[in-house]
Structure formats: C-alpha cells, structure tokens
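Engineer: There's a structure below that I have some questions on.
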Amino acid sequence: MRKNKMDRRVKYTKMVLKESFIDLLEKKDISQITIKEICEKADINRTTFYAHYTDQYDLLRKIENEFLDNVRACLAELDQENNNVDPVVLAEKIFEYIKENAKLCKLLLSERGGLNFQKQVMVMVYDPIINELTSNNKVSMEDAEYVYSFAVTGCVGIVQKWLNEDMKKSARYMAEMAIKLTMGLINLLKSNKRI
C-alpha cells in the first residue's frame, strides 16, 4: 500500500512540474526559465525537482520522449489489432492524440520546443516510409528520401497550421488530407519514376 502511495506522489509531482514548465515555456524561451520559477509555480521544492530532473532541458527532453512514446504506443496498438492498417485510421489516431495534447504539441512544434522534437518525429517515421517507397523498386532510395523529407515536413506544417487555427477541422478530415497529399506524391513518383 505504501508503494502505491509513493508512486502516486511521484506521478503527481512530475505532473505539476511538467504543467508548470509548459506554462512558463509558453511565455518565454527555455534559456530564460529557472528551476526556481518552475518549483515556485509547481509549489515543489528544488530538491524534489532535482530528484527527477537535472535541469529544465532534461525536463523538456523527458516531456518530448513521453509524447513520442505515447505516439509509438498508439501506432503499435493499431498494428497489433490489424496487420493491414488503413493509413487514414492510423493518421486519425495520431491527430486525435495531438488534439488531446494540443497545448503541449503546439509548444513542442514551435521554436520554443526546438528542432530536436521535430527531428525525433522524422526519425520515428523514417523506416516505414522508406520501406514502403523502395519495396519492389517502386522508387530509388534517393527519390524515396526526398519524398520522405517532403512528406514529413509537410505533415508537420499541416499539424502546426491545424493547431494554430484551434483544430477547427476534425481529426478524420486532417488525417484524410495528410494521407491524400502524401499518397498523391508517392503515386506521382511511381508513375513517372522521376520528378
């Protein structure tokens, strides 16, 4: 019973530190945020902060990793349910997760979140996209990497625009758009072999 209570306290502590940090990061650059500010806002002492994180950059990295792990879990869950996952259903699930975590996602994709998060997103989807494009010699590896770069940066741009416009369109609509745009480019490459 004591362990459960400790686990809940640690979970609560991390949650309030994370929320306080995100609130501060919305207002100013990470280099201007102090541990003292985070702790005061969270009503947590500095010793407790340092028990979980080395500094504000470590906290940001752990927030990013948690977000990406949750996206990976969504993808893995769908993959286990059905080996032939509809790409629109998969994208819709990701857009729904982004919507549920809009404040955080908007921040991570902004200049305040830094490029590291965007790079991690790109790495996460690299293998599936490249494998799909190069299987059966559909397109060359060089062309596949161009398509991958274009598709991923385009999808990040779509997500940013959607978040900045307060997600007026549904997750399903956004998923269909992202997949249509990406598949359109892939089909163009397949039919022409060269752009």
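The values are calculated or read from the model by the stated rules, or taken from the named source; none is laboratory data. Just so it is clear, the structure is predicted and the values come from calculations on it, not from any experiment. Every residue, glycine among them, receives a Cβ derived from its backbone with ideal geometry; neighbour counts consider all protein chains shown.
Engineer: I'd like to know if segment 29-37 contains one or more residues that are closer than 22 Å to Asn101 by Cβ, part of a helix (DSSP H, G or I) and either touching a Lys or Arg at 6+ places or on another chain (Cβ under 9 Å) or not assigned by TED's automatic domain parsing to the domain that holds Ala102 (or both).
Structural biologist: Looking only at segment 29-37, we keep the residues that are closer than 22 Å to Asn101 by Cβ, and these are 29-30, 33.
Narrowing the set further to residues that are part of a helix (DSSP H, G or I) leaves 30.
Filter once more, so that each one left must be either touching a Lys or Arg at 6+ places or on another chain (Cβ under 9 Å) or not assigned by TED's automatic domain parsing to the domain that holds Ala102 (or both): 30.
Within segment 29-37, one or more residues are closer than 22 Å to Asn101 by Cβ, part of a helix (DSSP H, G or I) and either touching a Lys or Arg at 6+ places or on another chain (Cβ under 9 Å) or not assigned by TED's automatic domain parsing to the domain that holds Ala102 (or both).
Engineer: Restricting to segment 19-44, name every residue that is at pLDDT 95 or above and among the basic types (Lys, Arg).
Structural biologist: Across segment 19-44, the qualifying residues are Lys36, Lys41.
Engineer: So, one more: Please count how many residues of segment 137-170 are farther than 18 Å from Leu108 by Cβ and among the hydrophobic types (A, V, I, L, M, F, W, C).
Structural biologist: Of all residues in segment 137-170, those farther than 18 Å from Leu108 by Cβ come to 137-151, 168-170.
Now drop any that are not among the hydrophobic types (A, V, I, L, M, F, W, C), which leaves 139, 141, 144, 147, 150-151.
Residues meeting the conditions: 6.
Engineer: Mind checking which helices (runs of 4 or more DSSP H) fall wholly inside segment 68-177 and carry at least 3 residues that are surrounded by 16 or more Cβ atoms within 10 Å (Cβ to Cβ) and at pLDDT 85 or above? Give the steps one after another, and end with the answer.
Structural biologist: On the way: elements: 87-100, 102-108, 115-134, 141-164.
In segment 68-177, the matching helices (runs of 4 or more DSSP H) lie at 87-100, 102-108, 141-164.
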